[in-house]
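In what follows, a single structure is set out as structure tokens and then discussed.
The values are calculated or read from the model by the stated rules, or taken from the named source; none is laboratory data. Since the model is a prediction, treat every value here as computed from it, not as a measurement. No Cβ is skipped: glycine too gets one built from the backbone with ideal geometry, and neighbour counts run over all protein chains shown.
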Amino acid sequence: MASQDITFTPDPDADSISSDVATFAGIMVSTQIPTRADGSLELGGITEQSECTLQALKVALERAGSSMDRVMHLTIYLTDMADRAAFNEVYKRYFAKPWPVRAAVGVASLAVEGMRVEVTAMAAKA
């Protein structure tokens with residue numbers, strides 16, 4: 001799928017089958033799950049999972065030359081929409097006005113049993 005006008009930043013996990021960030025014409029896309037700094041999954045409560053997920057997004061965007069304040073759109077996947085309020089509390093520590101455009105989507109399950117949140121973000125390159 002390589003193309004000369006699209007840049008893919010590899011995922012730090014050598015076994016991953018997904019790039020960490022894809023960039024095209026100054027627009028970056030990244031999907032993150034609740035991964036701790038050491039690469040292990042956080043499968044505790046929604047607050048801990050949200051914190052790990054948004055921190056992983058921050059690190060991925062910064063590695064690729066952007067930042068959280070350049071995020072234009074965020075899609076939040078939650079396995080329980082009752083977790084939305086707790087996610088939002090963490091979200092407010094990572095984002096400020098003007099808020100990114102966003103959508104919260106309830107899903108039946110995610111890739112790993114016990115995973116409660118996943119995010120996909122679109123950001124502008126810094």
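The listed residues are Pro34, Pro98, and the only one of them that is farther than 29 Å from Gln4 by Cα, modelled with pLDDT under 95 and not small (Gly, Ala, Ser) turns out to be Pro98.
Within segment 40-47, is even one residue hydroxyl-bearing (Ser, Thr, Tyr) and within 15 Å of Thr120 (Cα to Cα)?
As a first pass, look at segment 40-47 and keep what is hydroxyl-bearing (Ser, Thr, Tyr): 40, 47.
Now drop any that are not within 15 Å of Thr120 (Cα to Cα), which leaves none.
Within segment 40-47, not a single residue is hydroxyl-bearing (Ser, Thr, Tyr) and within 15 Å of Thr120 (Cα to Cα).
Counting only residues that are more than 16 Å from the chain's Cα centre (by Cα) and exposed (fewer than 12 other Cβ atoms within 10 Å of the Cβ), which one in segment 109-126 is nearest to Cys52 (Cα to Cα)?
Only one residue fits best here, namely Glu113.
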